[in-house]
Each structure stands twice: as C-alpha cells, then as structure tokens.
1. What Kirkwood radius, in Å to one decimal, follows from the Cα pairs of the chain?
2. Enumerate the calculated ³J(HN,Hα) couplings along the stretch 499-514 in order (Karplus 6.51 cos²θ - 1.76 cosθ + 1.60, θ = phi - 60°), each rounded to whole Hz, writing x wherever the residue is Gly or Pro.
3. Restricting to Cα pairs below 8 Å that are 6+ residues apart, what does the relative contact order work out to for the stretch 17-128? Please round to a whole percent.
4. Return the loop-located chymotrypsin sites (Phe, Trp or Tyr not before Pro) in the stretch 187-271 (DSSP other than H, G, I, E, B) with at most 13 other Cβ atoms within 10 Å of their own Cβ; answer none if there are none.
5. Would you rank Ser418, Ser29 by solvent-accessible area, highest first, keeping every protein chain in place and using a 1.4 Å probe?
6. With a sphere of radius 12 Å drawn around the Cβ of Arg219, what net charge do the other residues whose Cβ falls strictly inside it have (Lys, Arg +1; Asp, Glu -1)?
7. Which listed residue (Leu522, Gly330, Thr421) has the Cα farthest towards the positive end of the charge dipole for the chain, taking +1 on Lys and Arg C-beta and -1 on Asp and Glu C-beta about the Cα centre?
8. Select from the stretch 257-351 those trypsin sites (Lys or Arg not before Pro) which occupy a DSSP coil region and have at most 16 other Cβ atoms within 10 Å, ordered by residue number.
Amino acid sequence: MAAPAPKQEELQAHAVKDQLPAVSYCLTSPPPWPEAILLGFQHYLVMLGTTVVIPTALVPQMGGGNEEKARVVQTLLFVAGINTLLQSFLGTRLPAVIGASYTFVAPTISIVLAARYAGIADPHERFLRTMRGTQGALIVASTLQIIMGFSGLWRIVVRLLSPLSAAPLVALAGFGLYELGFPSAAKCIEIGLPQIILLVALSQYIPNLVPLVGTAFERFAVVMSVAVVWLYAFFLTVGGAYKGAAQKTQFHCRTDRSGLVGGASWISVPYPFQWGAPTFDAGECFAMMAAAFVALVESTGAFIAVSRYASATPCPPSIMSRGIGWQGVGILLGGLFGTASGSSVSVENAGLLGLTRVGSRRVVQISAGFMIFFSILGKFGAVFASIPTPIIAAIYCLLFAYVGMAGIGFLQFCNLNSFRTKFILGFSLFMGISIPQYFNEYTSVAGFGPVHTHARWFNDMINVVFSSKAFVGGAVALLLDSTLHRHDSTARRDRGDHFWDRFRSFKTDPRSEEFYSLPFNLNKFFPSF
C-alpha cells in the first residue's frame, strides 16, 4: 500500500503588529550620545529643505532681499526648534519635528498680492507691511488649533478613525507630496539623480553587502550622501560647468547662488515683533484659518506615521488632541516672531525615522538644539542652508515614500477581500489625488482657483482646503467609513476597529503610560483620557 502524500504545509499570513518590529531604537530607548548627536544633526539637515524653500519663494515677492530672506530663515529655524521641544516634552511626546508648512504658502501669497500693499514703492517697507499682515493672520489662525486641541474637540474626530480611514490619510500625507520630489530634483538632474542613487545604495544595498559597517551606512546615509554630492556640486560650480547657463539653471545647480551666507548676520537672536506690530484683516484671517485646519488634518496623519516608526502604540485620541493644541501654540509663536509661514509636522523628518530605524525622542530633541543653535549663529547655519534644492528634493523621494508606506501598512488590520474595503480605499485614494490635481491645474492655467468669487477670502478658504491631497483623501475615507454599512458587525471587523479598540482611550492600554505620559508627574495636573 502506497504511503500517503506528505501533508502540504499550511500557508500562514504575516502576523498583525500594533508596534512596528525591527526598529533599532524606539520612542523611549535613546541610542548612545555620540550616535544620537549625529542623528540629531541629520534631522536638522533634512528639515532645512522646507525651511529654506518657503522663504526663498515668499520673501522676494514680499519685497525683501537676501538679508531679509536670511533673517526669515533664521527665525523659522529658531521657532521650529522651540516648537519641536514643546511637542516632544508637552505635546504628543512623539519624535516629531515641527517645521514650516507648505499649506500656509497659498494664503500668504494672497496677502502678498493684496491691493493695499501694491502702492508701496519702497521694497523694504512693503516687505515689513506684508510681514505684519501675515503675522496678524497667523496669530488669529492659531486659535483654531489651540481651541480644537486643548478643548478636546479634535479627540472626538480622531476617535472616529479606523485603520481603514487612517490609511488614505497617512498615505497621502507622504505620497501626496510627489511634486516636491523628482520634479524638483530634476531641475538640476546632474546632482539630483546621483543623490537618489547614492542614498538608495548607502541605505539599502551597502548594509547587506558589508554587514560589519552596514548599520552606520543605514543610519547616516543622508549625511554621507549629501556630503559627497554637495562636494561634487561644488566642484562643478568652481570648475565653470555652468558658465553661460540659463539663470534658472545656475540658481538650482550652483552652490553659491542662495544668497543666504552673504545675507546672514554672524550672531542674531530672533525676538517677537521684530518686524513691527502685527496688522489684522478679517478676510486674510479667515483664509489663514482654513490653512490651519488643513494643517491640523495633515499633521494628524503625520503624527500617526511618526508613532508607527517610533515603534509606539497608536496615539490615543486625547494625546493627539493635546499635540494639536501645542501645534497651535507653535503657529502662534510663528505669528509673534514673524516666520511668514505656519507650522505643522515635518513629513520628511517622519520619513527619516523609517529610513534610519531610529524613533528616539532624544534624537529629535537634540535636532531642536541644532535648530536653535544655528539660527542664532547665522553665518554657520547659512552654510548648511545653502545646499542646492535638487539635493534636498532627491532625499524627499525616499522620505516621503516611507511616510506613504506607513499609511499603507495600516491595511494589515483590514480585510482586503471585502468589497466595502476595496471601494472605500480605492475611491478615497483616487479622489484624494484627482480633486487637488484639478484645483492645482486650474490655478496654474487661469492664475486663480476654480472658486473665484468677489470675496477673495472665501476663494482662498475653499481653494486651500481642496488643494490638499491628505485632507481630501482622509475626509472622503472617514465619511464613507462612518456611514457605509455603519451598523454591520462584519463591516466593523473589516475596517479593523477591533484591533484599535484598546487604543481609543489612554487608560485602556498599559503601554500608553510609557510612551505618552507627561514628564515631571505633570499627568496629575493634566490627565489624559
């Protein structure tokens, strides 16, 4: 009698993990001090891109020159350092860098183009007047996040999130910034493309080929690759590679065209109302409040990604609301100091946590120290801030991808064989990309957004909101997930709610105390729920 056929091994799916494994240093486990300091400097280097790009785009339109641009960059750095420390000590306590946000660029440009500034002949005076108008709008807009955060209103919204509705929100917080990646790197392809290739090689291939030193390459790939490509760009510049090239090419490729080193002072301490007393306009304040609301939603997605890459448990709603409140304080500080832009969670730094596999709180606090230090010593900080933009954009290609994949990773909690899941996920992702694309294309062709009434502040409010991919995708997913077959028990399991139930409250999971409790026993006075 023939022996029975060997039993085929049953295939098992990968286990669901509420904390990301294979992280070298989690939220509460700092690396050794020398390594932590270098990692902190790397975070500082990464956040410089947005910190420099936004003032470079705004200050010349406001009437400012290189000196004003350098001073705004210093102010942005200083405020970002303070906000990052506040967030890591008193906010969510996650290793999140709080920096300048692109979301506030559109309402700021609207203020710049306001009719009341058009007749000012002196460029410096126009810059000061415009900056004061921006400050007033930011101060008023900050109250939205402060009230929603500290009152606990945002906690109610966050509790509605399931893994299914969180996935598009977080994914589009990263993938939605695709236009800031390769399109910007390709503006000087001879340095942008080598940066991408070298960063991928150092962070992904070298650690496997040379295991003995692979960890160092994996963790410090950004610093190493930037140093090599920056030096290469410098040799191209001094070697005359761009002599006779178009001005735009020289601006993007040369290492001596930023104007920051010459415009920066040796020592300068930013202070509140350094540009003068803020001015207030109701319409501009409403438009900036819309941007603050969009930044609130985008930061929620970024906070979720940060908690994942820090190998912490999902952030309880009360902690998320507390973090949003402190982010509102950060926007208030931006208005008081005059940064020309509001603040939100830095998506690129969230991606860096994934690239380095180090989600330590101490590392980000050290990076905040670098921000404050180099903002005061202006000349030294300006040297690093003069890194060509295509190099930074090339880094974004990896870092934004990591944040996007943090969102996709939440689908492990969902039933992807459910047609309900497929519809909500696919439709929200598609609309989250398609609607903002329509708004952006319309604006680039017509010079104004699809909503174009006589009330400019109303136009700015609607156009800013629907130009955010993370906001649109997250809102569609949350609406559909909360209303479609809402009372069906099967749908509840398909959306992954049963995995996240324990994280709906601070006290229902014992690990929340380790990750999110306030220092110095402050939880006694400011309890979490």
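The values are calculated or read from the model by the stated rules, or taken from the named source; none is laboratory data. As the structure is a prediction and not an experimental result, all values here were calculated from the model. Glycine gets a Cβ as well: all are built from the backbone with ideal geometry, and neighbour counts include every protein chain shown. Note: areas computed on protein heavy atoms with side chains; ligands, DNA, RNA excluded. Shrake-Rupley method; radii C 1.70, N 1.55, O 1.52, S 1.80 Å.
1. That comes to 23.8 Å for the chain.
2. 7, 9, 4, 5, 9, 6, 10, 5, 8, 7, 10, x, 6, 4, 4, 5
3. Working: 67 pairs, mean separation 32.8, N = 112.
Computed value for the stretch 17-128: 29 percent relative contact order.
4. Numbers: sites: Tyr205, Phe217, Phe220, Trp230, Tyr232, Phe234, Phe235, Tyr242, Phe251, Trp266; in loops: Phe220, Tyr242, Trp266.
Within the stretch 187-271, the qualifying chymotrypsin sites (Phe, Trp or Tyr not before Pro) (loop, at most 13 other Cβ atoms within 10 Å) are Trp266.
5. Numbers: Ser418 15, Ser29 40 Å².
Output order, biggest surface exposure first: Ser29, Ser418.
6. Local net charge: -1.
7. So the residue furthest toward the plus end is Leu522.
8. Answer in residue order: Arg257.
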